[in-house]
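Here's the structure we're looking at; comments come further down.
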Ligand SMILES: CC(C)(COP(=O)(O)OP(=O)(O)OC[C@H]1O[C@@H](n2cnc3c(N)ncnc32)[C@H](O)[C@@H]1OP(=O)(O)O)[C@@H](O)C(=O)NCCC(=O)NCCS
């Protein structure tokens with residue numbers, strides 16, 4: 001496994017080159033293999049396999065069960081439908097996880113202190129084009145690097161809550177932190193810089209309350 005395994009408190013992160021999968025494809029469920037087979041590009045299938053064999057290995061170790069025995073579900077926070085949205089363990093107890101892919105890497109985060117979200121992005125000048133999408137009123141970021149910094153932190157927060165990009169990044173601030181107007185959440189998330197390969201930026205966010213309990 002191309003390393004990470006950085007424990008920051010009770011949050012662990014791994015950043016793995018695609019293809020450097022710790023487990024065999026046989027550990028994936030029938031549903032995961034179907035999802036993988038539906039991906040048209042070989043690179044996307046490799047990325048999926050890397051992410052989900054890693055997820056199963058790490059979570060299997062945490063729960064002390066065989067990686068292939070783990071069950072996951074996805075329920076969309078926006079429409080309530082099953083089959084898409086943030087993946088979660090079935091009978092996972094306190095264990096929460098999140099994953100992100102970017103080009104040649106997969107980043108995975110696991111937490112037992114609250115819902116977690118991770119985002120990994122390749123640095124690019126294109127982030128200046130996303131300024132109005134990322135910045136909330138009053139937030140000062142104008143260079144590609146500053147906007148990328150905001151992007152990864154905000155996407156990590158939205159992946160921790162399970163909202164994903166259905167909630168606009170421009171509806172909340174990260175420094176200082178404020179939830180979107182109308183949110184029932186009060187306590188800010190903890191946002192961690194887990195480090196990233198050269199040319200990439202990443203963030204991990206952990207929310208203090210269950211994502212289902214509040215908006
Ligand atoms: C989730 C989302 C932020 C991912 O963005 P991205 O930068 O393209 O992708 P990343 O590589 O960082 O993350 C992808 C992973 O996030 C996870 N994920 C998917 N939906 C998620 C959600 N709502 N919250 C948290 N994580 C989610 C999955 O594990 C996914 O990988 P997988 O499909 O291989 O399992 C974005 O696709 C999104 O917001 N989608 C949902 C939009 C929505 O809610 N629409 C309404 C539908 S009714």
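The values are calculated or read from the model by the stated rules, or taken from the named source; none is laboratory data. Nothing here was measured: the structure is a model prediction, and the numbers come from that model. Counting neighbours? That spans all protein chains shown, and the Cβs are built from the backbone with ideal geometry, glycine included.
Residue count for region 78-97 under the criterion of being in contact (Cβ under 8 Å) with a residue 40 or more places away in the chain and within 6 Å of the ligand (Cβ to nearest atom): the result is 3.
With respect to (1) outside any helix (DSSP H, G or I); (2) within 14 Å of the ligand (Cβ to nearest atom); (3) touching a strand residue (DSSP E or B) at 6+ places or on another chain (Cβ under 9 Å); (4) without any contact (Cβ under 8 Å) to a residue 40 or more places away in the chain, the lone exception for residue 101 is condition (4).
Considering region 102-114, the residues that are modelled with pLDDT of 95 or more and touching a helix residue (DSSP H, G or I) at 6+ places or on another chain (Cβ under 8 Å) include one that is surrounded by the most Cβ atoms within 10 Å (Cβ to Cβ), namely 106. A single entry from 196, 184, 141, 205 fulfils the requirement of being in a loop (DSSP other than H, G, I, E, B) and in contact with a helix residue (DSSP H, G or I) (Cβ under 6 Å, 6 or more places away or on another chain): 141. Taking region 104-127 as the range and being within 9 Å of the ligand (Cβ to nearest atom) and closer than 30 Å to residue 142 by Cβ as the test, the residues that pass are 107, 117, 118, 119, 120, 121.
Restricted to region 51-77, and to residues there that are near the ligand (Cβ under 10 Å from one of its atoms) and in a helix (DSSP H, G or I), the residue that is surrounded by the fewest Cβ atoms within 10 Å (Cβ to Cβ) is 51.
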